[in-house]
Amino acid sequence: LSGLLDPERTALETTVRMHMSALHAAAAAAHAAEQQLLRRAQSAESAHAAAAEAFAATAAEAAALRSALADADSATQTTADALEDALDACEAQQQSLASERRAHVLSGVRRAAVQAASESRLLLLLQSQRERLPPP
């Protein structure tokens with residue numbers, strides 16, 4: 001029975017690893033984008049302090065960068081939510097598979113018990129028949 005479930009388990013583990021790897025890569029990309037936006041925002045703020053005459057342009061750029069950072073934060077949160085949902089789905093699937101495995105094992109145990117009981121009854125019947133026969 002374990003031999004039948006091992007390939008399925010291996011395939012599921014591979015799928016989970018692939019999903020987790022993809023999710024980690026997406027989170028790393030979102031983090032890198034966020035870091036890049038943070039660096040750009042800091043650069044814009046430094047330029048503002050150095051060039052007072054470009055205050056209006058620099059303020060507009062900073063506002064755009066803050067908006068982009070908010071978008072990046074939103075995207076990061078969306079990615080984090082998706083990661084959490086994917087993890088929940090993986091855990092639910094693992095629990096479902098575990099339940100199915102347990103049900104399958106219990107079914108096999110029941111079949112074996114019924115078979116053993118049938119064999120035992122058959123042996124008792126044969127023994128009873130043998131005892132009824134006259135001695136040779």
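The values are calculated or read from the model by the stated rules, or taken from the named source; none is laboratory data. Predicted model only: the values in this text are computed from it and were never measured. Heads up: the accessible areas ignore ligands, DNA and RNA and are worked out on the full protein's heavy atoms, side chains in. Shrake-Rupley method; radii C 1.70, N 1.55, O 1.52, S 1.80 Å.
Could you work out the relative contact order of the chain, using alpha carbon pairs under 8 angstrom and six or more residues apart, expressed as a whole percent?
Numbers: 35 pairs, mean separation 36.5, N = 136.
Taking the mean separation of contacting Cα pairs over the length of the chain, I get 27 percent.
Entry comment: accessible area of the chain is 74 Å² per residue, from protein heavy atoms only and a probe of 1.4 Å.
Go ahead and estimate [θ] at 222 nm for the chain from helices alone: -39,500 (n - 2.57) per DSSP H run with n ≥ 4, summed, over the residue count, rounded to 500. Intermediate values should be presented prior to the final figure.
Numbers: 2 runs with 127 residues, N = 136.
Computed ellipticity for the chain at 222 nm equals -35500 deg cm²/dmol.
With Cα atoms as the point set, region 84-136 shows a radius of gyration and Dmax of 22.9, 78 Å.
Please report the carbon-and-sulfur percent of the accessible area for the chain; probe 1.4 Å, protein heavy atoms only, DNA, RNA and ligands left out. Kindly include the intermediate steps, with their values, before the conclusion.
On the way: 6130 of 10100 Å².
Carbon with sulfur: 61 percent of the solvent-accessible area.
Put simply, the C-alpha atoms of the chain give a gyration tensor, and the ellipsoid matching it has half-axes of 74, 11, 6 Å, longest first.
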